[in-house]
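A short reminder: the numbers here are calculations on the coordinates, not readings from a lab. Because the structure is predicted, anything quoted here is derived from the model rather than measured. Neighbour counts run over all protein chains shown; Cβ positions are idealised from the backbone, glycine included.
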Amino acid sequence: MNLSVYHSSVPAAARQCAENPAPVPQRQSVNSGSAVISSLQALLGTIVIAIFVITFVVQAFQIPSPSMENTLLVGDYLLVNKLCYGSGGLGNPLMPYRRIQRGDIVVFHYPVTPAQHFVKRVIGVPGDRVRLVKKQVFVNGAALEEPYAHFTRPANDPFRDDFPRLDVAPGETPEWWLTLRKLVEDGELIVPEGHYFVMGDNRDDSYDSRYWGFVPAANIIGRPLLIYWSVRDPETDSVAPATARERLYHLTYIFTHVFQITRWGRTLHLIN
């Protein structure tokens with residue numbers, strides 16, 4: 001009698017389990033889906049913050065030429081503060097912005113070809129009267145003390161070393177030659193409102209305002225903060241890689257020699 005009851009109860013229990021499956025696997029599936037969604041949301045938030053920072057706060061640049069030696073070297077990678085000078089908006093009085101000052105190093109869109117980025121030092125601000133006499137810079141009649149200036153050649157270039165010279169054409173940008181003749185007074189170049197006169201610290205090897213003119217305020221991107229990495233690459237310093245194959249070789253070389261070519265003394269160096 002008991003055996004018969006036992007046999008008849010087994011199918012009923014099986015049917016009950018089939019009709020009411022254990023909910024544990026479903027809860028695990030739901031929890032796994034929530035974790036994936038949370039991870040994607042966190043990743044998306046990180047990407048949005050990174051894009052905001054790169055677009056509005058800081059931007060990375062590489063030094064490709066020796067025009068700022070020895071302050072900045074070929075192979076220095078910079079983080080540039082894009083907020084330090086403000087944007088002319090209504091919120092500017094509430095932010096710690098400041099004016100562009102003489103002596104500041106700035107990154108800007110090259111006025112002749114705005115797609116290119118240049119980095120130079122501000123020598124003259126609006127209203128300043130600038131001139132060079134045998135490489136010595138005078139602003140408003142006073143000689144500038146420039147411990148950062150670097151010279152490699154004798155004073156034998158009349159346009160480069162005794163600027164401005166209206167009797168010697170630069171021979172590179174005719175428009176600037178015409179502008180010079182309008183803004184020179186008593187042998188001094190007057191910096192117009194809303195513009196800046198910039199020069200490279202490597203004075204004998206710098207393509208700067210002496211040759212192509214002023215930098216409009218709107219072209220200035222920001223001020224370098226620090227060198228976050230500096231790399232010495234003797235194989236490619238002299239000639240920039242042009243083809244895809246050369247760029248691939250350049251990248252591979254850097255990754256395989258990163259410890260040997262890194263200038264550790266310049267990495268994380270603040271720029272003054």
For HIS269, HIS150, which order do you get if you count the other beta carbons within 10 Å of each Cβ and list the fewest first? HIS269, HIS150
Please give, to one decimal in nm, the separation of the simple spin-label points placed at TYR253 and CYS84, each 7 Å out from Cα toward the Cβ. 3.2
How about LYS82: which lysines have a C-alpha closer than 19 Å to its C-alpha, ignoring those fewer than 8 places off in the same chain? LYS120
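How much length would be gained if the chain were fully extended between ARG232 and VAL133, taking 0.36 nm per residue of separation minus their Cα-Cα distance, in nm to one decimal? Walk me through the numbers on the way to the answer.
Working: separation 99, 0.36 × 99 = 35.64 nm, distance 3.49 nm.
Length gained between ARG232 and VAL133: 32.1 nm.
Need the full-extension length gain, ILE261 to TYR77, defined as separation in residues times 0.36 nm minus the C-alpha distance. One decimal, nm. Mind dumping the intermediate values first?
Details: separation 184, 0.36 × 184 = 66.24 nm, distance 1.34 nm.
Roughly 64.9 nm would be gained on extension.
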Subtracting the Cα-Cα distance from 0.36 nm times the residue separation, let me have the gained length for SER65 to LEU166 in nm, one decimal. 33.5 nm
Karplus-derived 3J(HN,Hα), 6.51/-1.76/1.60, for each residue of the range 176-182, Hz, glycine and proline x: 5, 4, 6, 5, 3, 5, 8
In nanometres, what is the gap between the two model label sites at ALA155 and ARG181, each 7 Å from Cα along Cα-to-Cβ? 2.8
What three numbers, in Å, describe the spread of the alpha carbons of the range 63-270 along their principal axes, ordered from the longest? 57, 49, 32
What is the set of long-range amide H partners of ILE221 at a cut-off below 5 Å, with H atoms built 1.01 Å from backbone N? VAL107, PHE108, HIS109
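If I take R0 = 45 Å and measure r between the Cβ atoms of ARG245 and LEU144 in this structure, what FRET efficiency does the formula 1/(1 + (r/R0)^6) give, to the nearest 0.05?
Values: r = 46 Å, r/R0 = 1.03.
For R0 = 45 Å, the calculated efficiency reads 0.45.
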Label-zone membership for the range 191-234, site ARG102, 7 angstrom Cα→C-beta point, backbone N under 12 Å: 191, 197
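Among the trypsin sites (Lys or Arg not before Pro) within the range 107-186, which fall in a DSSP loop and have no more than 12 other Cβ atoms within 10 Å of their own Cβ? Please list the in-between numbers first.
Working: sites: LYS120, ARG121, ARG129, ARG131, LYS134, LYS135, ARG160, ARG165, ARG181, LYS182; in loops: LYS134, LYS135, ARG165.
Here the trypsin sites (Lys or Arg not before Pro) that fit, given the DSSP loop and packing criteria, are LYS134.
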